[in-house]
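Scroll down for the structure; my scribbles are underneath it.
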Amino acid sequence: MNVTQSDFGTTQNGVPVSLFTLSKELLQVSITNFGGIITELNAPDRNGKPDNIVLGFDSVGDYQSEQYLENCHYFGCIVGRISNRIRGGKFQLNGNDYQLPINDKDRHIHGGIEGFDKKVWEAQPYETSDRVGLTLKYLSKDGEEGYPGNLSVTVDYYLTRDNELVIEYTAQTDKSTIVNLTNHSYFNLSGGKENILNHYLTVPASTYTELENLIPTGKIRKVKKTPYDFRKETKIGDRTEQLVDGYDINLPLDDDSEGVCRFAGRLSDKVSGRYVEVLTTKPALQIYSGYYIPELKVNGEMKFGKYAGFALETQNYPDAINHPNFPSIVISPPKVYKHKTIYRFGVR
């Protein structure tokens, strides 16, 4: 069990950033304080051979390159203040109208033009008797990206003895605002040897949020007899052809116990034997199969591409502020925002 710190380069503004590598039992995860990005996560296959099972880069420069930002897919980062989309970037709160930046066609997505994924966070690594971790802190000031209130955010990453990566989010505000944080890691349990279409997925969700141009209509539909039914383990590629651009959908969990960390899904790869189980205190799981991940030239080699990774984003419903029937994403002082997600790794 240990944590190491190394140089990860400097931002375009000349700010130095670090890479922190946490090791415990069979897992090793590397996290940079630029965007709280998980750059690498090594886990063993059924033969004990470790491989990196997330999409990421080797330096901060790659996360700021023109080719990446043109097709930014938020590899491994903390997304905020709001993950997912808001229709027209507009919402009302306490009688006030707010307009957020439009950075995804006619929508606001993942916190705006310079969301939490592009911020340099204050970082503090630590070790205790039962965990090794990294605490990240950031103050999002009133008006940043159009959001109201000064929001103080803490994200704690740590590894446990049970082969788990735990992420705990906490946020406090001095003014009513909206918050919906998540991590945007893309998993490829084959270690990048093939795409994710042969991975299998299970999600305990009987419904999905109906979408129109990737924005919820407000209606909750049954998954039965749709491509979104993952209540029984299903190969991701079996029904992908029924969708124009693969999976990008919000699945409300059947167990809606508020504040309880419960099972939200399992992604597995039969060849390597690896699986990752997701547990969360949030009411939904957004799944994205990476249809629009581009091929990128990294160190002279072409990498990634369509279906290179699969995102399992624990969060609230998209555009929730504009749908009163969705669980609320509003927090007001002195209420504290809390969110816990566990990624549990193993082999079959």
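Some values worked out for this structure:
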{"item": "Among 312-318, 247-253, the order from most to least packed when residues are scored by Cβ within 10 Å on average", "result": "312-318, 247-253"}
{"item": "Subset of Lys119/Lys297; Lys24/Lys225; Lys175/Lys224; Lys24/Lys282 violating a 32 Å alpha-carbon distance limit", "result": "Lys24/Lys225; Lys175/Lys224"}
{"item": "Global form of the chain, assessed from the alpha-carbon gyration tensor, a/c cut-off 1.5", "result": "rounded"}
{"item": "Assigned charges on the beta-carbon of Lys, Arg, Asp, Glu; region 252-322 dipole about Cα centre (debye)", "result": "400"}
{"item": "Assigned charges on the beta-carbon of Lys, Arg, Asp, Glu; region 25-132 dipole about Cα centre (debye)", "result": "540"}
{"item": "Calculated from backbone phi, Karplus (6.51, -1.76, 1.60) coupling profile of region 182-191 in Hz, x at Gly/Pro", "result": "7, 10, 10, 6, 9, 9, 9, 6, 7, x"}
{"item": "Residue-averaged 222 nm ellipticity for the chain, from DSSP H runs of 4+ at -39500 (n - 2.57), nearest 500", "result": "-500 deg cm²/dmol"}
{"item": "Peptides 35-45, 322-332 ordered by average Cβ neighbours within 10 Å, highest first", "result": "35-45, 322-332"}
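Only the coordinates and a few stated rules stand behind these numbers; no lab work does. No experiment lies behind these values; they were computed from the predicted model shown. Neighbour counts run over all protein chains shown; Cβ positions are idealised from the backbone, glycine included.
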